[in-house]
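Reviewing the structure listed below.
Bear in mind that the values in this text are calculations on the coordinates, not laboratory data. None of the values given here were measured: they were computed from a predicted structure. Here Cβ is always computed from backbone atoms with ideal geometry, including for glycine, and neighbour counts include all displayed protein chains.
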Amino acid sequence: MGQISKHGFHVKAVIFDLDGTLIDTEKYYRKCWPLAAKKAGYHMTDEQALSLRSLGRPYAKKRFREMFGEDCDYEGIRAYRKQLMEECLEKNGINLKPGVVELLTFLRSQGIVTALATATDRQRAGRYLKQIGLYDYLDKIICADMVEYGKPAPDIYRYACEQTGFAPKECLAVEDSPNGAKSAAAAGCPVVYIPDQTPLEYELVPVIYACREKLLDIREIIQKLNS
């Protein structure tokens, strides 16, 4: 699986997606996008909502126009979705994905740099990470508003690799969405895909290094690669 030989790289940094990878929030986006679209008079299917996972600038606006027409008020829908998400997270809290702290602790013990590459903006990403106690576990935090083009373009992962100081082939990317996996792979990072809302899609098989069920499985991958 994937285009990089099993023994073709040494992991010096791990770059994580946030929503659906480190925190269990994609299920809320899946509900809030259709609700926000409905308020604007549009019907968004579950498949359409899933297609928006990790979709960055300017692709999200383009996707909305494809779904609902050129006159679609993307900014208005997005603003209401953000309001719904805040209400949802205030009510339900932000839950960590299983094994997050254990994995980040392991990576630090191995001297491996940890970074974040998220479609969430700086203000919210920082607030979320501090709220759930992960902020100090990450060496670099890279957000969508730091680059011109978000996922699935490679910009955010290229920039994240630059920030770690390592070549993309030395930076293992961890993703849960097709848009995120495509972004990391296009930047030259080996990708470990951990499905969240949907199973691994066939089209992603050639571009990822591995698919695993849970975050802690990455520990074994790194131990084998770096042995």
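Overview of results
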{"read-out": "Qualifying positions in the stretch 84-96 - surrounded by 13 or more Cβ atoms within 10 Å (Cβ to Cβ) and assigned to a helix (DSSP H, G or I)", "value": "84, 85, 88, 89"}
{"read-out": "Pair list, Cβ < 8 Å and 6+ apart or interchain, from the stretch 111-137 residues that are within 23 Å of residue 191 (Cβ to Cβ) to residues that are of a type in the set (Lys, Arg) and not in a strand (DSSP E or B)", "value": "112/12; 113/12; 114/108; 119/151; 137/108"}
{"read-out": "Flag if residue 114 is part of a strand (DSSP E or B) and surrounded by fewer than 21 Cβ atoms within 10 Å (Cβ to Cβ)", "value": "yes"}
{"read-out": "Cβ-Cβ under 7 Å pairs, at least 6 apart or on other chains, the stretch 148-165 side without any contact (Cβ under 8 Å) to a residue 24 or more places away in the chain, far side aromatic (Phe, Trp, Tyr) and surrounded by 24 or more Cβ atoms within 10 Å (Cβ to Cβ)", "value": "none"}
{"read-out": "Filter result for residue 145 (without any contact (Cβ under 8 Å) to a residue 24 or more places away in the chain and acidic (Asp, Glu))", "value": "no"}
{"read-out": "Within the stretch 29-60, considering residues that are within 22 Å of the chain's Cα centre (by Cα) and of a type in the set (Phe, Trp, Tyr), the one surrounded by the most Cβ atoms within 10 Å (Cβ to Cβ)", "value": "33"}
{"read-out": "Number of positions in the stretch 177-227 that are in contact (Cβ under 8 Å) with a residue 60 or more places away in the chain, touching a strand residue (DSSP E or B) at 6+ places or on another chain (Cβ under 8 Å) and part of a loop (DSSP other than H, G, I, E, B)", "value": "6"}
{"read-out": "Pairs with Cβ under 6 Å, 6+ apart, first in the stretch 73-93 and free of Cβ contacts under 8 Å to residues at least 40 places away in the same chain, second assigned to a helix (DSSP H, G or I)", "value": "74/61; 74/64"}
{"read-out": "Selection within the stretch 159-179 - crowded, with 21+ Cβ neighbours inside 10 Å and closer than 21 Å to residue 9 by Cα", "value": "160, 161, 164, 168, 171, 172, 173, 174, 175"}
{"read-out": "Check on residue 104, surrounded by fewer than 20 Cβ atoms within 10 Å (Cβ to Cβ), among the aliphatic types (A, V, I, L, M) and not in a loop (DSSP other than H, G, I, E, B)", "value": "no"}
